[in-house]
Structures are given as C-alpha cells and as structure tokens.
Amino acid sequence: MASRKTLKSVSHNFGHSFVSLMNFIETDYFLGLLLKEMRKTKLNRLEVDILNDKSYPKELLTLKILKSIGYWNKSFPKLVENSGSSMEYVKSAKMIIEFDLALSRVCSHDKQFIENPYVCEITILDDNGKEYRKQQNGWWFPEN
C-alpha cells in the first residue's frame, strides 16, 4: 500500500541526486552551469516547479540547464512510485537553488577555481497539506 511517509525521503533523494555528480550535462555539472549563468546575470536564485516543469527566472535557463531540469522533472514520478508512495498524494513539488554570489573562496583541491556556497531546497506538499522539506548545501564552481 502506498504511503505518504516516504515523501520525506523523496525530497531528500531528489535534491541530493540533482546537485550531485550524477547531474552532468555535456561539458559541466548542472551546478557549475547554473553558477556560471548566475555570475553572468547577477541572479542568484532558480525556482523550479517540478510537477509543471516550469522554471524561473528565464535569464538563467540556457538550453543545457533546461535539458537537465526537464530530465529530472520527468523522472520525479518514478522516484515517488519507487519509494512506495503515489503521485496521487503529491499536490506540489518545488525546488529552489540559491547561490551566495557575495561569498566566494578559492577551491581547496584546485586553486584555479573560485567556488560559491549554495543551498538546494526541495518542498513536496501532499494532499493533506503536509510539507516534506529537505535541504542540500555545499560549495560549487564552474569547470569551464
């Protein structure tokens, strides 16, 4: 029987995978591509409506970034079902990735790169109005 309880692990697993080394697109990891666009535009926050496959602001949405977001959004229902839950329980699923562009440091393992801290927050709202929220955070740099 499907359970709402596992939606907490879904929020963790989706966010963890999204910001991990599993999310590589052609020339760089997703977070590197996103940080590069954020530095260019001075916009530091990406919002993603996972269920409706919509992302904002459009200034950050290069083809590579859109491709990755689309792939992960499309895989979300399978993650929910494989966790033992049901998409019938999921009323909304949102992700926010925010970089602190004012704070930077030289990358400890490769001095040629400058990295910035980020927070990725996934919020799933179930059909009873309960929120399942999980944050991932760390430091990242563009590789190219």
Rounded to 10°, Cα long-axis angle of helix 30-41 versus longest principal axis of the chain | 60
Mean accessible surface per residue for the chain, computed with a 1.4 Å probe while every protein chain stays in place, in Å² | 56
Taking every pair of Cα atoms in region 71-135, average 1/r, invert it to obtain the Kirkwood radius, and report Rg/Rh to two decimals.
-> 1.17
Out of these labelled values of percent of Cα pairs over 23 Å apart, [x] 29; [y] 45; [z] 34, which was calculated from the coordinates shown here?
-> [z]
Sorting 24, 141 on solvent-accessible surface, 1.4 Å probe, most exposed first, gives 24, 141
Taking Cα atoms, the helix 63-82 axis meets the longest principal axis of the chain at an angle in degrees (rounded to 10) of 30
For region 6-90, what ratio Rg/Rh do Cα atoms give with a Kirkwood hydrodynamic radius?
-> 0.99
Would you please give the FRET efficiency between residue 91 and residue 112, computed as 1/(1 + (r/R0)^6) with r the Cβ-Cβ distance and R0 = 41 Å, to the nearest 0.05?
-> 0.35
Per-residue accessible area for residue 67 at 1.4 Å probe radius, Å² rounded to 10?
-> 120
222 nm mean residue ellipticity, helices alone, for the chain (DSSP H n ≥ 4; -39,500 (n - 2.57); rounded to 500) | -10000 deg cm²/dmol
Express the carbon and sulfur contribution to the solvent-accessible surface of the chain as a percent, rounded to the nearest whole number, probe 1.4 angstrom.
-> 52
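The values are calculated or read from the model by the stated rules, or taken from the named source; none is laboratory data. Here the structure is a predicted model, which means the values were calculated and not measured. Heads up, the Cβs are rebuilt from the backbone with ideal geometry, glycines too, and the neighbour counts pull from every protein chain shown. For the accessible areas, the whole protein counts, side chains as well, though only heavy atoms, and no ligand, DNA or RNA atoms are used. Shrake-Rupley method; radii C 1.70, N 1.55, O 1.52, S 1.80 Å.
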